[in-house]
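The next block holds one structure in the form of structure tokens; read it before the comments.
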Amino acid sequence: MQVTTMDRYIKYHVREFEKSFAIKFPACTIAAKRHIDSSTTILDVQGVGLKNFTKAARDLIKELQKIDGDNYPETLYQMFIVNAGPGFRLLWNSIKSFLDPKTTSKIHVLGTKFQSRLLEVIDA
């Protein structure tokens with residue numbers, strides 16, 4: 001089932017980044033009393049595997065990587081991918097070939113017992 005188009009998702013992605021720069025980062029800067037210009041993302045991939053890595057998915061990843069690299073460099077502080085099963089781990093090996101090595105060094109792929117790792121790096 002298709003929920004949206006690639007074009008609509010890309011526009012949403014850009015809108016959310018622009019909202020981060022206009023609203024979220026300034027609000028976080030005030031709250032933290034220090035400059036904030038990057039974010040930590042937690043992505044739940046339960047049930048995602050090789051079957052999900054269609055041509056459309058590959059094209060979307062490539063397009064988002066280009067947009068992010070050209071317009072929003074260095075805004076990812078770190079990403080935690082949680083509930084990564086064996087299918088996703090195989091998929092990850094393909095996906096990371098599309099990404100900049102500096103970006104992949106910030107991405108941590110975790111299985112189902114991820115809570116303690118997240119609590120080490122994120123204030124509860």
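Miscellaneous remarks
- For the chain, modelled as a GNM whose springs connect Cα atoms under 10 angstrom apart, the maximal fluctuation among 29, 104, 40 occurs at 29.
- Rolling a 1.4 Å probe over the protein heavy atoms of the chain, with every protein chain left in place, gives an accessible area that is 57 percent carbon and sulfur.
- Dipole magnitude (debye, nearest 20) for the range 58-124, charges at Cβ of Lys, Arg, Asp, Glu: 340
- Over 25 Å between alpha carbons, listed pairs 19/66; 33/62; 24/113; 11/33; 19/96: 33/62; 24/113; 11/33; 19/96
- Projecting the Cα atoms of 50, 81, 39 onto the charge dipole of the range 39-82 (Cβ charges, centred on the Cα centre) puts 50 farthest toward the positive pole.
- Calculated from the structure at hand, semi-axes √(5λ) of the Cα gyration tensor in Å is found among [x] 25, 21, 13; [y] 50, 16, 10; [z] 29, 14, 11 as [x].
- Once the 1.4 Å probe is applied to the protein heavy atoms, the chain comes out at 70 Å² accessible per residue.
- The relative contact order of the chain, computed from alpha carbon pairs under 8 Å that lie at least 6 residues apart in sequence, is 27 percent.
- Extension gain, residue 123 to residue 21, is 34.5 nm, computed as 0.36 nm per intervening residue step minus the present C-alpha separation.
- DSSP-loop trypsin sites (Lys or Arg not before Pro) across the range 22-102, with at most 15 other Cβ within 10 angstrom: 33, 34
- For the range 63-124, the set of GluC sites (Glu not before Pro) satisfying both a DSSP loop assignment and a count of at most 16 other C-beta atoms within 10 Å is given as 74.
The values are calculated or read from the model by the stated rules, or taken from the named source; none is laboratory data. This structure is a prediction, so every number in the text was calculated from the model and none was measured. Cβ atoms come from the backbone with ideal geometry, glycine included; neighbour counts cover every protein chain shown. Please note that ligands, DNA and RNA were not included when accessible areas were found on the heavy atoms of the full protein model with its side chains. Shrake-Rupley method; radii C 1.70, N 1.55, O 1.52, S 1.80 Å.
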